[in-house]
Amino acid sequence: MQTFFEYSPEVKQALIEHQPIVALESTLITHGLPDPLNCETAIAAENIVRENGAIPATIAIINGKIKIGLTTSDLEKLVNDPHVTKASVRDIPHILTKRSNAGTTVAATVFCADAAGLKIFATGGIGGVHRGDDQDISADLIELSKTPMAVICAGAKAILDLPKTLEFLETFSIPVIGYRTSSFPAFYTAETPYILNTHYDDIASLAAHLKIHWQLNLRSGLLIVNPIPMDAEIPTDVIEPAIKEALKNAIQKKIYGKEITPYLLSEVATVTKGKSIESNITLIKNNVRLGALLAKHIYTT
């Protein structure tokens with residue numbers, strides 16, 4: 001499998017020296033945020049990881065290779081390629097065959113990071129069960145059910161059906177662990193009515209839980225939910241009407257499949273006059289900071 005992988009010099013050295021590493025996804029660069037915020041946020045996220053004692057490993061597919069850690073040249077190729085695609089797990093062989101470029105979704109990043117021997121992954125929010133269609137289930141959940149990666153996020157994206165997403169997570173034995181929260185956050189908002197069974201207020205306890213999960217060889221991933229900082233929240237009575245309007249527009253325009261999430265997020269950004277984008281960037285930075293602190297604790301204790 002490693003024939004298909006390439007490692008940046010920084011990540012390669014970190015693996016040799018057993019330094020803490022945090023995996024980061026790349027669809028925020030290719031499909032998640034507008035230019036130039038996409039590059040600015042990706043670079044800022046990597047710097048936050050370094051500032052907090054770990055090595056960032058942004059993952060993408062470049063020229064038909066799975067890159068674990070991006071160089072400046074790799075980042076430029078992602079941004080400047082007008083044909084860059086969005087890769088979930090099932091798309092990876094096709095993209096490698098065509099030797100093309102792609103940003104990796106949460107699911108694809110989890111798969112690639114696990115294959116590269118990484119254990120900690122920080123992102124914005126995961127996919128889940130879509131509203132109005134129980135069969136429209138994100139591949140993120142499927143990959144989490146079978147890959148023992150610790151995924152740090154601000155909950156599932158608010159455009160999703162949160163109760164059904166939580167039911168899926170429970171059915172497939174994916175632990176949902178709150179960090180300094182006892183409820184499941186909804187991406188743009190920190191608190192919801194959905195109470196969590198497990199939560200910790202300190203890094204040491206969270207790290208101990210992860211280590212035991214891995215020592216028991218449990219095969220599922222772990223979802224660590226880290227609420228958006230309160231000063232960046234968008235109140236439910238503001239974001240929910242925006243989401244409903246975006247969903248209605250998507251149905252009218254017959255937008256489905258992997259195109260639905262980028263479309264909905266773009267529509268919500270328009271309705272909120274860019275506030276949702278600002279919140280998205282804030283929660284990403286908050287999550288990668290936690291990812292770095294957690295990785296550092298696990299590697300050094």
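The values are calculated or read from the model by the stated rules, or taken from the named source; none is laboratory data. Given the structure is predicted, the values throughout are model-derived calculations rather than measurements. All Cβ positions, even for glycine, are placed from backbone atoms using ideal geometry, and neighbour counts span all protein chains on display.
Yes or no, residue by residue, for (1) farther than 16 Å from Leu290 by Cβ; (2) within 16 Å of the chain's Cα centre (by Cα); (3) surrounded by 20 or more Cβ atoms within 10 Å (Cβ to Cβ):
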{"position": "Ile159", "(1), (2), (3)": "yes, yes, yes"}
{"position": "Ile195", "(1), (2), (3)": "yes, no, no"}
{"position": "Tyr200", "(1), (2), (3)": "no, no, no"}
{"position": "Ser205", "(1), (2), (3)": "no, no, no"}
{"position": "Lys211", "(1), (2), (3)": "yes, no, no"}
Quiz item: Out of curiosity, is Thr71 at pLDDT below 95 and over 28 Å from Ile255 (Cα atoms)?
Solution: yes
Quiz item: Can you tell me which residues in region 242-265 are farther than 24 Å from Ser145 by Cα and in contact (Cβ under 8 Å) with a residue 12 or more places away in the chain?
Solution: Ala242, Ile243, Glu245, Ala246, Leu247, Asn249, Ala250, Tyr263, Leu264, Leu265
Quiz item: Any idea which residue in region 51-80 is surrounded by the most Cβ atoms within 10 Å (Cβ to Cβ), counting only those that are of a type in the set (S, T, N, Q) and more than 17 Å from the chain's Cα centre (by Cα)?
Solution: Asn52
Quiz prompt | Thr109 vs. criteria within 20 Å of Thr261 (Cα to Cα) and surrounded by 24 or more Cβ atoms within 10 Å (Cβ to Cβ) | solution = yes
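Here is a yes/no grid of residues against (1) touching a strand residue (DSSP E or B) at 6+ places or on another chain (Cβ under 7 Å); (2) hydrophobic (A, V, I, L, M, F, W, C); (3) at pLDDT 95 or above; (4) over 30 Å from Leu264 (Cα atoms):
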| residue | (1), (2), (3), (4) |
| --- | --- |
| Met1 | no, yes, no, yes |
| Pro9 | no, no, yes, yes |
| Ala14 | yes, yes, yes, yes |
| Ala23 | yes, yes, yes, no |
| Leu33 | no, yes, no, no |
| Ile61 | yes, yes, yes, no |
Self-check item: Given (1) in contact with a strand residue (DSSP E or B) (Cβ under 8 Å, 6 or more places away or on another chain); (2) in a helix (DSSP H, G or I); (3) more than 30 Å from Ala14 (Cα to Cα), index of the condition Ala292 fails
Solution: (3)
Exercise. Taking the residues in region 36-45 that are surrounded by fewer than 22 Cβ atoms within 10 Å (Cβ to Cβ) and free of Cβ contacts under 8 Å to residues at least 40 places away in the same chain as candidates, determine which candidate is farthest from Leu290 (Cα to Cα).
Key: Pro36
Quiz item: Within the bounds of region 150-170, is there any residue that is among the polar types (S, T, N, Q) and within 24 Å of Ala107 (Cβ to Cβ)?
Solution: yes
Exercise. Say whether the condition of being over 17 Å from the mean Cα position of the chain (by Cα), part of a loop (DSSP other than H, G, I, E, B), closer than 19 Å to Val11 by Cβ and modelled with pLDDT of 95 or more is met by at least one residue in region 93-103.
Key: yes
Quiz item: What about Leu222, is it touching a His at 6+ places or on another chain (Cβ under 7 Å) and at pLDDT 95 or above?
Solution: yes
